[in-house]
1. Step by step: first the residues of the range 92-116, then only those that are among the small types (G, A, S) and surrounded by fewer than 23 Cβ atoms within 10 Å (Cβ to Cβ), then the one that is farthest from K150 (Cα to Cα). Which residue is that?
2. If we keep just the residues of the range 30-45 that are of a type in the set (G, A, S) and touching a strand residue (DSSP E or B) at 6+ places or on another chain (Cβ under 8 Å), which is surrounded by the fewest Cβ atoms within 10 Å (Cβ to Cβ)?
3. Looking at G128, G119, which is the one that is surrounded by fewer than 20 Cβ atoms within 10 Å (Cβ to Cβ) and more than 14 Å from the chain's Cα centre (by Cα)?
4. Would you be able to say whether some residue in the range 24-42 is hydrophobic (A, V, I, L, M, F, W, C), closer than 25 Å to D147 by Cα and out of contact with any Ser or Thr (no Cβ under 8 Å at 6 or more places or on another chain)?
5. Give me a count of the residues in the range 2-16 that are polar (S, T, N, Q) and either without any contact (Cβ under 8 Å) to a residue 12 or more places away in the chain or surrounded by 19 or more Cβ atoms within 10 Å (Cβ to Cβ) (or both).
6. Would you confirm, using the coordinates I've provided, whether H236 is surrounded by fewer than 19 Cβ atoms within 10 Å (Cβ to Cβ) and touching a residue at least 24 places away in the same chain (Cβ under 8 Å)?
7. If you go through the range 139-174 one residue at a time, how many are part of a loop (DSSP other than H, G, I, E, B) and touching a strand residue (DSSP E or B) at 6+ places or on another chain (Cβ under 9 Å)?
8. Starting from residues that are of a type in the set (S, T, N, Q) and under 24 Å from L153 (Cβ atoms), keep the ones in the range 196-233 and report whichever is surrounded by the fewest Cβ atoms within 10 Å (Cβ to Cβ).
Amino acid sequence: MSPIIQIDELLSLRDASNLVIVNASSGSDALSKYQAKHLDGAVFVDLNVDLSEIHEDASHGGRHPLPQIEDFAKTISDLGMAKESHIVIYDDKGGANASARFWWMLKAIGHEKVQVLNGGIQEAEKQGFAINSADVKPNPVERYQVDSWKLPLAEIAEVEQVSQDEKHIVVDVRATPRYNGEFEPLDLIAGHIPGAVNVPFAENLDGNGLFKSPEELHQKYTQLFGDIPKENRIFHCGSGVTACHSILAIAHAGLEIPKLYVGSWSEWSRNNKTIATKIIN
């Protein structure tokens with residue numbers, strides 16, 4: 001199953017009994033925006049509340065650490081998700097708000113049928129998918145049984161050890177001005193991890209806000225990786241959210257899923273680690 005679903009494919013699934021549509025978002029107005037307008041039947045997931053276990057001290061795990069596995073199991077069960085559910089996730093930022101993060105988390109517990117809607121709510125509206133503000137009550141299901149994250153993860157100690165090793169690649173998917181240290185809107189220090197290369201996640205999308213074709217993305221990332229082994233590829237961003245967008249694109253390209261450094265820049269920059277900036281002439 002492709003990790004990306006097109007709106008016409010979702011329309012054909014509309015009456016499937018195992019379909020669960022999810023609006024995954026973040027921000028202080030995320031819930032109010034969902035309540036005002038969402039895809040018909042979609043339940044709501046909040047990045048900060050449901051997909052993270054946020055601590056006061058972001059130096060331990062960054063701004064969006066993963067929740068405890070048992071808490072995540074409860075969250076998805078409460079949303080009406082069972083192992084046989086076909087889960088389709090969307091947001092309003094081309095998958096970069098919280099959709100890709102939720103996709104990664106579900107894949108990381110071994111869920112089979114999970115996809116991100118290409119183009120999000122904007123494409124759904126354009127193609128005539130029913131949109132309303134109706135209340136949605138999840139179907140009751142048994143508790144989802146999970147015990148661990150099964151996709152590869154990297155911790156800060158590993159990143160520090162390998163970031164400048166030519167046999168490894170650490171990819172920073174933030175926008176180039178943040179990588180360059182020109183400004184930093186969210187974290188305490190501007191710059192990037194020494195040795196990290198910058199491949200902004202926005203480059204996964206075309207001019208219409210849709211994911212580029214698997215062939216284009218395959219060429220892009222195989223060229224980036226060269227002969228670096230799959231187990232030596234690490235992706236990060238500011239707080240482990242938009243990095244999942246690039247991991248999703250890599251999966252869409254048919255390539256092996258790389259390691260995710262969840263703590264990302266928000267953790268690194270708070271640990272007195274070496275900071276790099278790119279001098280711009």
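1. Kept after step one, since they are among the small types (G, A, S), are these residues of the range 92-116: 94-96, 98-100, 108, 110.
Then keep just the ones that are surrounded by fewer than 23 Cβ atoms within 10 Å (Cβ to Cβ); that gives 108, 110.
Values: A108: 5, G110: 7 Å.
Among those residues, the one meeting the criterion is G110.
2. If we filter the range 30-45 for residues that are of a type in the set (G, A, S), which is where we start, we get 30, 32, 36, 41-42.
Checking which are touching a strand residue (DSSP E or B) at 6+ places or on another chain (Cβ under 8 Å) leaves us with 30, 41-42.
Details: A30: 22, G41: 13, A42: 22.
Once the filter is applied, the top-ranked residue is G41.
3. Working: G119 fails: surrounded by fewer than 20 Cβ atoms within 10 Å (Cβ to Cβ).
None of the others qualify; the one that does is G128.
4. Taking the range 24-42 first, the residues hydrophobic (A, V, I, L, M, F, W, C) are 24, 30-31, 36, 39, 42.
Of the ones still in play, those that are also closer than 25 Å to D147 by Cα are 24.
Checking which are out of contact with any Ser or Thr (no Cβ under 8 Å at 6 or more places or on another chain) leaves us with none.
No - not one qualifying residue is present in the range 24-42.
5. 1
6. Numbers: surrounded by fewer than 19 Cβ atoms within 10 Å (Cβ to Cβ): no; touching a residue at least 24 places away in the same chain (Cβ under 8 Å): yes.
Considered against the rule, which asks whether it is surrounded by fewer than 19 Cβ atoms within 10 Å (Cβ to Cβ) and touching a residue at least 24 places away in the same chain (Cβ under 8 Å), H236 comes out as no.
7. Here is the first cut: in the range 139-174, the ones part of a loop (DSSP other than H, G, I, E, B) are 139-152, 154-155, 163-168, 173-174.
Still in the list and also touching a strand residue (DSSP E or B) at 6+ places or on another chain (Cβ under 9 Å): 139, 151-152, 154, 163-164, 168, 173-174.
Selection size over the range 139-174: 9.
8. The initial filter retains those residues of the range 196-233 that are of a type in the set (S, T, N, Q), namely 198, 204, 208, 213, 219, 222-223, 232.
Filter once more, so that each one left must be under 24 Å from L153 (Cβ atoms): 198, 204, 222, 232.
Numbers: N198: 15, N204: 27, T222: 12, N232: 15.
Taking the candidates together, the pick is T222.
The values are calculated or read from the model by the stated rules, or taken from the named source; none is laboratory data. All of these numbers come straight from a predicted model, not from anything done at the bench. As a convention, Cβ positions derive from the backbone with ideal geometry for all residues, glycine included, and neighbour counts pool all protein chains shown.
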